[in-house]
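Below: one structure, written as structure tokens.
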Amino acid sequence: MKTRNLSPDFFLPRSVALVGASGEPGKVNSRAQQLLRIHGFTGKVFPINPRYKDLFGLPAYPTLLAVPEKIDHALIMVPAPAVHEVVRQCCERQVAAATIFSSGFAELGEEGAELQRQIVATARDGGVRLLGPNCLGLVNVPGHTTLSLNAVLEQEQLRSGPLSVISQSGSMLGALISRAQARGLGFSKLVSVGNECDIGVGEIAELLADDADTGAILLFLEAFRDSTRLAVAARRAFKKGKPVIAYKLGRSEIGRRVAVSHTGAIAGAAEVSDAFFQAHGIMRVDTMESLFELPQLVMGHKPPAHRRVAILTGSGGPAGMIADRLGTLGVEVAGPTEEVIRDLNEKGVKISASPVTDIPMGRNDSSYNMILSALLSSDHCDAVISVSGSSSQTNPQKIVDRVFVPERSKKPLAVFLAPRADEALALLGKQGIAGFRTPEACADSMRAYLNWRSPQSNESIRAGELAGPNAMLAATQRDSLNECESLGLFSSLGIPSTHCRVVSGPAEAVDFADPVAVKILSPDIVHKTEAGMVALNVVPADIASVVSTMLGDAAKKFPKAGIDGILVQRMESGLAEVIVGYRRDPEVGPIVLLGLGGIAAEVHANHSVRVAPVSLRTAETMVSEIPQLKTLAGFRNLPRGDCTALAHAIRAMSLLALVTPRVVSEAEINPLIVKRDGEGVVAVDGLVVLEPSSSPQQEAAGEN
């Protein structure tokens, strides 16, 4: 196999072949050659089509094999059944990369997927890298390279700038180009990845992290196809000071319908995506305009210390719209401090402590400059929004003069213009000041910045910390553990579990002096409460009869289930019940979840999700994010709960991401009982599901 790493020359080929080029101007396949000419490509172009001797003034060739010179990149536009032969010819000619515009592959089903696998295998054996299929290609604006068939490129004169885009939707490239350039914003690289049969979002992002012409990386995502590589690329870009911003579709519950645990039902697609983005320093936006408007706000800045924004306005209504929107997004609008008010008053400028600083109409611009400078210099907020009314349309230069203060580089400054004010937006852009057309995009961008965090540090483990769970899983033959085995695995990670005993029938003596919980013990009966296979507060005298009845009911209700016995547990109580769950998500990989526990685990919406494994500090943050658990901190003189022990349990559960003998697909403790401060936590119900030992994931884990 001769697979090559993707070279930076991928964006700047010196010669390109257009396979399937057409001489009819109205046909899509003629567009690629015309676009290369329109946008100033200076390399060599080889049209490939056996029906032509020349195409638009250039010699045409019947096949790639007939081209007499070296080919760096091939754009393949032939029908799907013919693509494999073209890829084979690329291998023979040692073409470095090929972009496949053609559709009819994995997006259409298994038959197309098999054809896609075949072309990938051929390309890898021959050392050819593939972009696509089913994609609209790539654009290098400063390099004057448009290996694309996007119709928007016929209408737009491309503007060079710092924004680079990777899109899983081909048509979105045109939408972003037209909308952003109308705002005076320019691009460096744009790539449509299509089916990502070989080259994916993560690998391209790695190139862009090192690209001198790229200042920010914008992602339009439909799914995570290679989250591991994207994570590496995002962290690399963060180190180099290049913000990565994502717009993510697919907030449905894809992949979670087959989840066995409550964790799979609770952790929705949006929350899992957010956890991935936060873990790797990626900002997420909810509006398309924010995707290209946010970069100017955040380039040159680092993640904020808090989540507070100040608003300065001469127009109360529009400012109120933004403040209201920020409130619904959980962002604090912070009024000026007494120190700021006092300092401005000493300079002859009077303002109130209101969350929105409203300057009455008629006040001069020097007052506006002084207030804005004070807000930008103060530590009470992490960013500032300046809101302008009708003057932004009637006197655009005045708006720029208002906000063009020396302190503007100290923290992000967003300027929202209430009326349509294209000239003012353009003037702001020329000065490097982020301007916004709508209150929704302004609030969304500010929320994205204030939620931005440095990439989550990789959790280090102590020597031997995983020896116990690794040994247990190595000895496990089954793909699902029963509850007793699950609690044993959690205990090996350092999570205490309640005292319990397994009995096979009513005749066995059970030495419990206090009320107990009696549960069926079976890896095949997962949600025991819903199945009627749990009895609580059973007094010692009734244990034998309850065991007998439960075994009989299980045999009738679940005749095919494997029954390992009956689990008898000491009843536990505490200050709170939580669910601590783990899941290997099909898109982003391992996650850990904290939420309210017990039978209402799926009823309450409050939960916290992170990419696993997590540090103790991150686990403590997860606890603080659940409003109902604030009572554990001694709220209104209530007893304090052992939040430290809870955080340790969350971290311990997340370490399942690192076990090696078997891959854990799902695990949870529901409930984990939180006792008083200093008394710890105790697991009373456990579930563990493993990947089948012969699965591709297991084989990959073994290789690592």
Q.
Exactly one of these conditions fails for residue 493: (1) within 19 Å of residue 668 (Cβ to Cβ); (2) surrounded by fewer than 17 Cβ atoms within 10 Å (Cβ to Cβ); (3) of a type in the set (A, V, I, L, M, F, W, C). Give me its number.
A. (2)
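Among the residues of region 669-676, is any at pLDDT 95 or above and assigned to a helix (DSSP H, G or I)? Lay out the reasoning, then the answer.
Of the residues in region 669-676, the ones at pLDDT 95 or above are 669, 672-676.
Next cut, assigned to a helix (DSSP H, G or I) only: none.
No - not one qualifying residue is present in region 669-676.
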(Q) Under 9 Å between Cβ atoms, which residue pairs at least 6 apart in sequence (or on different chains) link something in region 553-575 that is outside any loop (DSSP other than H, G, I, E, B) with a partner that is of a type in the set (Ser, Thr, Tyr) and surrounded by 18 or more Cβ atoms within 10 Å (Cβ to Cβ)? (A) 554/522; 565/522; 569/497
Q) Since residue 317 meets every condition but one in (1) in contact with a helix residue (DSSP H, G or I) (Cβ under 6 Å, 6 or more places away or on another chain); (2) more than 27 Å from residue 610 (Cα to Cα); (3) part of a helix (DSSP H, G or I), which condition does it not meet? A) (1)
**Q.** Wholly within region 67-157, strands (runs of 3 or more DSSP E) carrying at least 1 residues that are among the charged types (D, E, K, R) and under 30 Å from the mean Cα position of the chain (by Cα)
**A.** 129-131
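Can you work out which of the residues in region 484-508 that are part of a loop (DSSP other than H, G, I, E, B) and not small (Gly, Ala, Ser) is farthest from residue 467 (Cα to Cα)?
Taking region 484-508 as the starting set, the residues that turn out to be part of a loop (DSSP other than H, G, I, E, B) are 493-496, 498-499, 504-508.
Keeping just the survivors that are not small (Gly, Ala, Ser) gives 493, 495-496, 498-499, 506, 508.
Numbers: 493: 9, 495: 15, 496: 17, 498: 22, 499: 23, 506: 36, 508: 34 Å.
Looking at residues that are part of a loop (DSSP other than H, G, I, E, B) and not small (Gly, Ala, Ser), I get 506.
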Q.
If residue 22 satisfies all but one of (1) surrounded by fewer than 16 Cβ atoms within 10 Å (Cβ to Cβ); (2) among the polar types (S, T, N, Q); (3) closer than 18 Å to residue 102 by Cα, what's the number of the condition it fails?
A. (1)
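Can you tell me which residue in region 212-258 is modelled with the highest pLDDT, limited to those that are among the acidic types (Asp, Glu) and touching a helix residue (DSSP H, G or I) at 6+ places or on another chain (Cβ under 7 Å)?
As a first pass, look at region 212-258 and keep what is among the acidic types (Asp, Glu): 213, 222, 226, 253.
Retained after the next criterion (residues that are touching a helix residue (DSSP H, G or I) at 6+ places or on another chain (Cβ under 7 Å)): 226, 253.
On the way: 226: 89, 253: 49.
So the residue we want is 226.
Filter region 179-194 down to residues that are in a loop (DSSP other than H, G, I, E, B) and either aromatic (Phe, Trp, Tyr) or buried (at least 23 other Cβ atoms within 10 Å of the Cβ) (or both), then give me how many there are. Outline the logic, then answer.
So the first thing to find is which residues in region 179-194 are in a loop (DSSP other than H, G, I, E, B), and the list is 183-186, 193-194.
Right, trim to either aromatic (Phe, Trp, Tyr) or buried (at least 23 other Cβ atoms within 10 Å of the Cβ) (or both) and you get 193-194.
Within region 179-194, residues that are in a loop (DSSP other than H, G, I, E, B) and either aromatic (Phe, Trp, Tyr) or buried (at least 23 other Cβ atoms within 10 Å of the Cβ) (or both) number 2.
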(Q) Under 6 Å between Cβ atoms, which residue pairs at least 6 apart in sequence (or on different chains) link something in region 466-482 that is free of Cβ contacts under 8 Å to residues at least 24 places away in the same chain and farther than 11 Å from residue 689 by Cα with a partner that is among the polar types (S, T, N, Q) and surrounded by 15 or more Cβ atoms within 10 Å (Cβ to Cβ)? (A) 472/492
Q: Could you please give the count of residues in region 100-116 that are out of contact with any Pro (no Cβ under 9 Å at 6 or more places or on another chain) and in contact (Cβ under 8 Å) with a residue 40 or more places away in the chain?
A: 0
Q: Please enumerate the residues belonging to region 299-334 that are under 28 Å from residue 243 (Cα atoms), surrounded by 17 or more Cβ atoms within 10 Å (Cβ to Cβ) and small (Gly, Ala, Ser).
A: 310, 319, 323, 334
Q) Just to be sure, is residue 511 charged (D, E, K, R), farther than 22 Å from residue 580 by Cβ and not in a helix (DSSP H, G or I)? A) yes
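So, in region 666-695, of the ones that are acidic (Asp, Glu) and touching a Gly at 6+ places or on another chain (Cβ under 7 Å), which residue ends up nearest to residue 640 (Cα to Cα)? Give the steps one after another, and end with the answer.
Of all residues in region 666-695, those acidic (Asp, Glu) come to 666, 668, 677, 679, 685, 691.
When the remaining residues are screened for being touching a Gly at 6+ places or on another chain (Cβ under 7 Å), the result is 666, 668, 677.
Details: 666: 31, 668: 24, 677: 5 Å.
Among them, the one singled out is 677.
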Q | Count of region 515-552 residues which are under 20 Å from residue 573 (Cα atoms) and in a loop (DSSP other than H, G, I, E, B) | A | 4
Q: Please go through region 374-404 and pick out each residue that is among the charged types (D, E, K, R), surrounded by fewer than 22 Cβ atoms within 10 Å (Cβ to Cβ) and in a loop (DSSP other than H, G, I, E, B).
A: 379
Q.
What's the total number of residues in region 568-586 that are more than 27 Å from residue 613 (Cβ to Cβ) and in contact with an Asp or Glu (Cβ under 8 Å, 6 or more places away or on another chain)?
A. 2
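Any chance region 635-646 includes a residue that's crowded, with 23+ Cβ neighbours inside 10 Å and either closer than 24 Å to residue 466 by Cα or free of Cβ contacts under 8 Å to residues at least 60 places away in the same chain (or both)?
So the first thing to find is which residues in region 635-646 are crowded, with 23+ Cβ neighbours inside 10 Å, and the list is 641, 646.
Retained after the next criterion (residues that are either closer than 24 Å to residue 466 by Cα or free of Cβ contacts under 8 Å to residues at least 60 places away in the same chain (or both)): 646.
Yes, there is a match, as at least one residue in region 635-646 is crowded, with 23+ Cβ neighbours inside 10 Å and either closer than 24 Å to residue 466 by Cα or free of Cβ contacts under 8 Å to residues at least 60 places away in the same chain (or both).
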Q.
Restricting to region 114-163, give me the number of residues that are touching a Cys at 6+ places or on another chain (Cβ under 6 Å) and over 16 Å from residue 81 (Cα atoms).
A. 3
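Under the condition of being part of a loop (DSSP other than H, G, I, E, B), over 26 Å from residue 455 (Cα atoms) and out of contact with any helix residue (DSSP H, G or I) (no Cβ under 7 Å at 6 or more places or on another chain), which residue from region 579-604 is modelled with the highest pLDDT? Write out each step before concluding.
Of the residues in region 579-604, the ones part of a loop (DSSP other than H, G, I, E, B) are 586-588, 597, 601-604.
Remaining after also requiring over 26 Å from residue 455 (Cα atoms): 597, 601-604.
Checking which are out of contact with any helix residue (DSSP H, G or I) (no Cβ under 7 Å at 6 or more places or on another chain) leaves us with 597, 603-604.
Values: 597: 85, 603: 51, 604: 52.
In this case the residue turns out to be 597.
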Q | Residue, farthest from residue 625 (Cα to Cα), within region 641-667, restricted to residues that are part of a helix (DSSP H, G or I) and touching a Phe, Trp or Tyr at 6+ places or on another chain (Cβ under 7 Å) | A | 656
Q.
If the requirement is being under 23 Å from residue 441 (Cβ atoms), polar (S, T, N, Q), surrounded by 24 or more Cβ atoms within 10 Å (Cβ to Cβ) and modelled with pLDDT under 95, which of these qualifies: 290, 273, 261?
A. 273
Q: Only one of these is surrounded by fewer than 24 Cβ atoms within 10 Å (Cβ to Cβ), outside the structural domain of residue 517 (by TED's automatic domain parsing) and not acidic (Asp, Glu): 674, 614, 659. Name it.
A: 659
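The values are calculated or read from the model by the stated rules, or taken from the named source; none is laboratory data. Small disclaimer: the values here were computed from a predicted structure and weren't measured. Backbone-built Cβ (ideal geometry, glycine too); neighbour counts: all protein chains shown.
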